[in-house]
1. Taking neighbour counts of Cβ atoms within 10 Å as a proxy for exposure, in what order, fewest first, do 202, 152, 117 appear?
2. Only Cα pairs under 8 Å and at least 6 apart count here; give the relative contact order of the chain as a rounded whole percent.
3. Compute the Cα gyration tensor for region 115-178, then decide on rounded, prolate or oblate, letting a ≥ b ≥ c be the square roots of its eigenvalues: rounded whenever a/c is under 1.5, prolate when a/b is larger than b/c in the other cases, and oblate in all that remain.
4. Between 140, 348, 231, which gets the highest mean-square fluctuation from a Gaussian network model of the chain, Cα cutoff 10 Å?
5. Taking springs between alpha-carbon atoms closer than 10 angstrom, which of 94, 52, 203 fluctuates most in the Gaussian network model of the chain?
6. What translational diffusion coefficient, to the nearest whole µm²/s, does the chain have by Stokes-Einstein, given a Kirkwood radius computed over alpha-carbon pairs, a temperature of 10 °C and 1.306 mPa s viscosity?
7. Quick one: 240, 47, fewest Cβ neighbours within 10 Å first, how do they rank?
8. If I fit a long axis through the Cα atoms of helix 37-50 and take the longest principal axis of the Cα atoms of the chain, what angle between them do I get, 0 to 90°, rounded to 10?
């Protein structure tokens, strides 16, 4: 097993940024709230060639093509996606640290009706989504605004009649942090690309001044745990006292079945890279509880093809899945901290996941 190291990368927006979610619906184009791993990978691959490297180089292939390096999604200030099982007061939603009424997690709860945890409030709870900082326990917000434009008539050089469209873009002066996992023997090669900060453009609308960013090395965000993986495991039990297997996606993930069809959820076989023993059949194959959502992933191949990729179905970050043990079996706890990569296309940041995330019992 090769040793890997983590390198942090910060991307600061210098102008409005549009990372399209997909084909425009009507006349509105929505942006993603994060910078995908394939965008991070493309930034550094372009930098490598700008410094004189060639795509045929062995180092280039190992860094960007062979899947040895995982380029994580860049999130606002290095935050995490709030699990989809989180709920908060319908009228005063937010973490207590943000002077709001607080957040509860219903992942492990069998009680259907929930009320606000504030002692002076009895309103029902509602969905609570976005990003949060695990260190401070506060919510992180991606600032965005709407830009309205008109198409240009190629013959007259003026605004085309009736062709008005809008774009929702990320505001400038915001910093997104990505964590790159690279083999130890390639660490110096990757760090050399970040020895000096540089500017680049990403996303759509670059000819109109959008998408300019500053890229530099940063401290990778730390994932803080209370106790060992086994101690976290022991906190997840059902009403019968049986242990449960909890999986939380830290980034979007792509799963496929034995027929190479995209799946809307992982099964236990997908969790083997996290140390789950699938040979002994300790856990039931399918989850019995989940809070999840999906989106279609679109993209284009780079030069020289520049053709659209086949859309893939991804399970979004923050999705959570709960598995029960097989009858009469006492499951073993894997080694390590329970963080790793599952599913397909890990090289572009898909499939970052954690077992027994402490969020689910800290806010239970």
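Bear in mind that the values in this text are calculations on the coordinates, not laboratory data. Everything numeric here is computed off the predicted structure, so don't read it as measured data. Neighbour counts run over all protein chains shown; Cβ positions are idealised from the backbone, glycine included.
1. 152, 117, 202
2. Relative contact order, the chain: 24 percent.
3. oblate
4. In this elastic network of the chain, the residue with the biggest mean-square fluctuation among 140, 348, 231 is 231.
5. Of 94, 52, 203, the most mobile in the Gaussian network model is 52.
6. Reported coefficient: 71 µm²/s.
7. 240, 47
8. Once rounded, one gets 40 degrees.
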